[in-house]
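For reference, the structure discussed in these notes is given below.
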Amino acid sequence: MTVLTNDSPKSRVNKSLPVLKKNYNNNLESDYTEKIEELDKNFSYQSNSDCYWSEPQQSILYGTPLYQQASLAQKIALNHLHWLGSYKIVADSEMEVIFYNTITADCLRKANKDYEFIANLLAHESEQERHHIHCFYKVNYQTLRSLIGAKNWLKADLDNFSFASSNFQVLPYLLSSSANLIGKIFLKQQKQNYSQNLASKYVDQSISLPNTSGFFNGYSGNRHQSMRELLPVGWASSPFLASNFYAVRYMANLSLKNGEFEIHKYYQKLRRNNQFIPAPTQISHYHFLDEAFHTTTSLFMGRDFYKYLPEPSAYEKIIANLSVLQIQYENLNSLSGIISNRFESDRNIIKFVMKILQSPVFDMSQKEAIYWLEKCLCYEHEGFHVNLKIHNHLLSSLREFLENLDYLWPINREVRLMVSGGSIENALKNNIKGFKNFYRTIEKD
Ligand SMILES: [Fe+2]
Ligand SMILES: [Fe+2]
């Protein structure tokens with residue numbers, strides 16, 4: 001029999017448990033999800049169509065020469081489309097979160113009966129996400145139908161938000177080959193167990209990794225299959241790696257908060273001035289409050305919980321680092337000049353922008369649309385500078401968090417990929433390349 005001494009990490013009381021419990025109770029007592037359900041039930045685009053839903057800065061193409069000469073109705077439409085695009089990504093990310101909450105909860109429950117309440121807490125959070133996702137889809141569907149007019153636009157063309165570039169680059173190659181190698185060496189056994197668990201348990205509950213392009217699968221939708229398989233297997237395989245999932249979830253929470261806090265402030269401003277508050281602004285406000293509980297869970301699980309566990313193995317540290325690296329690579333690698341709080345290249349959303357320019361909002365011919373596309377993407381303008389500030393704000397919050405995690409490599413602790421993505425010069429270079437490629441495909445048609 002092994003006797004645990006006082007020095008054994010396993011004998012330490014996990015001090016993050018009481019704060020997690022308190023956060024769970026606070027969440028149970030709140031009614032923000034109910035408020036969101038109510039707003040979802042009563043939503044009508046027409047009753048919210050003629051006003052801004054957030055500050056003008058949170059509008060697609062804000063700061064571009066096209067925005068300067070747009071009419072008020074066009075500016076409002078661009079503001080609504082920004083809300084729609086942001087919450088499409090939030091909804092996708094939350095579908096992924098439900099999956100990962102479930103598999104990590106299962107791992108924790110099995111590891112220690114003291115963690116049972118964490119599994120309940122996570123089930124409660126997942127239930128809240130289901131209501132959030134439903135609400136975002138309802139608003140997005142009506143908004144898109146009213147502004148763009150086509151019923152089938154939502155699925156196919158919103159996905160262009162994460163339209164992937166297929167150029168060969170070194171980092172994805174490294175990530176995928178290391179994932180392959182680790183998979184071969186370490187994961188065979190674990191994967192079999194995991195797959196059996198997944199088959200018996202999750203199929204019954206209709207839970208599987210959704211084919212979405214959120215924060216965890218990656219906005220680019222370009223993830224290698226080996227990496228896609230590696231993270232779920234890893235995150236579900238040990239309490240340490242489950243804790244690493246919550247560190248990544250905290251990164252997602254901070255990214256969301258970086259935009260949503262601004263809408264929350266806009267809500268407060270309207271309320272102070274006794275002005276009409278549009279339903280989507282209220283939804284963002286209540287979502288911001290509901291997500292605060294989730295953010296607290298992620299923080300304590302990701303930053304503190306693992307410190308009371310046994311030292312992670314070399315394998316666990318590698319997986320944990322690959323996951324943070326992957327998240328940086330997929331979601332935080334560049335700078336948009338036309339969508340605030342988006343840190344990917346605009347070259348990936350050229351088709352999406354063309355759709356907007358040729359939609360009833362602008363009603364441009366293809367020739368006009370291409371003219372404005374080049375003006376907005378390939379030349380420096382205020383939009384890049386506005387987004388660079390938002391980039392640097394997120395960068396400093398991510399750094400402040402990640403420097404707490406002693407298992408991280410410097411490239412992750414210092415968020416180095418994101419740092420190198422914060423360059424207007426590089427963003428313009430990428431856009432020019434993307435524009436030229438796109439122009440060639442148009443010429444062929
Ligand atoms: Fe949510
Ligand atoms: Fe959440």
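What's the percent breakdown of Cα-Cα distances in the stretch 13-444 across 20 Å bins, shortest bin first?
26, 57, 17, 0
Which residues does the label zone of Lys138 cover in the stretch 20-35, counting backbone N under 13 Å from a point 7 Å along Cα→Cβ?
Of the residues in the stretch 20-35, 33-35 have backbone N under 13 Å from the label point off Lys138.
Tell me the label-point distance for the pair Val419, Asn211, using the 7 Å Cα-to-Cβ offset, in nm and rounded to one decimal.
Those two pseudo-labels are separated by 3.9 nm.
Do any of Lys75/Lys257; Lys21/Lys257; Lys75/Lys444; Lys88/Lys375; Lys351/Lys429 go past 28 Å between their Cα atoms, and which? Don't jump to the answer; show the numbers that get you there.
Details: Lys75/Lys257 24 Å; Lys21/Lys257 23 Å; Lys75/Lys444 33 Å; Lys88/Lys375 26 Å; Lys351/Lys429 18 Å.
Checking Cα-Cα distances, Lys75/Lys444 exceed 28 Å.
Given labels modelled 7 Å from the Cα in the Cβ direction, how far is it in nm from Val386 to Ile411?
Label at Val386, label at Ile411, 3.4 nm between them.
Take every Cα pair under 8 Å in the stretch 13-444 that's 6+ residues apart, average their separations, divide by the length, and report that relative contact order as a whole percent.
Working: 573 pairs, mean separation 98.5, N = 432.
Value for the stretch 13-444: 23 percent.
Leaving out ligands and nucleic acids, note down the accessible area per residue over the stretch 13-444 with a 1.4 angstrom probe, in whole Å².
Values: 18600 Å² over 432 residues.
Dividing the accessible area of the stretch 13-444 by its residue count gives 43 Å².
Suppose each label sits 7 Å from its Cα in the direction of the beta carbon; what would the Glu403-Glu55 distance come out to in nanometres?
2.6 nm
Which value, in Å to one decimal place, does the Kirkwood hydrodynamic radius take for the stretch 253-333 when every pair of different Cα atoms is included? Walk me through the intermediate numbers first.
Details: mean 1/r = 0.0649 Å⁻¹.
Across the stretch 253-333, the inverse of the average 1/r is 15.4 Å.
Give the carbon-plus-sulfur fraction of the accessible surface of the stretch 13-444 in %, rounded to a whole number; probe 1.4 Å, heavy atoms of protein chains only.
Details: 9630 of 18600 Å².
With neighbouring chains kept in place, the figure for the stretch 13-444 is 52 percent.
Run the numbers on the stretch 281-398 and let me know its relative contact order in percent, using alpha-carbon pairs under 8 Å that are six or more apart. Mind dumping the intermediate values first?
Details: 65 pairs, mean separation 26.4, N = 118.
Rounded, it is 22 percent for the stretch 281-398.
Pulled fully out, how much extra length does the chain show between Asn112 and Glu37, if you take 0.36 nm times their separation in residues and subtract their Cα-Cα distance? Can you show the working numbers first?
On the way: separation 75, 0.36 × 75 = 27.00 nm, distance 3.47 nm.
Extra length available between Asn112 and Glu37 comes to 23.5 nm.
So, by mean Cβ neighbours within 10 angstrom, what's the order for 334-340, 134-140, 75-81 with the highest one leading? Display every interim value, and only then the final one.
Values: 334-340: 25.7, 134-140: 19.9, 75-81: 22.3.
By packing density, highest mean first, the sequence is 334-340, 75-81, 134-140.
Kirkwood Rh over Cα pairs of the stretch 319-361 into Stokes-Einstein at 25 °C, 0.890 mPa s: D in µm²/s? Provide the component values of the computation, followed by the final result.
Working: Rh = 11.9 Å.
Value of D from the Cα-based Kirkwood radius: 205 µm²/s.
Which length gain, in nm to one decimal place, applies between Ser146 and Lys307 when the Cα-Cα distance is subtracted from 0.36 nm times their residue separation?
On the way: separation 161, 0.36 × 161 = 57.96 nm, distance 5.07 nm.
So the chain would gain 52.9 nm between Ser146 and Lys307.
The values are calculated or read from the model by the stated rules, or taken from the named source; none is laboratory data. Keep in mind it's a predicted model, so treat the numbers as computed, not measured. FYI the Cβ positions are ideal-geometry reconstructions off the backbone, even for glycines, and counts take in every protein chain you see. In case anyone asks, the SASA skips ligands and DNA or RNA and just uses the protein heavy atoms, side chains included. Shrake-Rupley method; radii C 1.70, N 1.55, O 1.52, S 1.80 Å.
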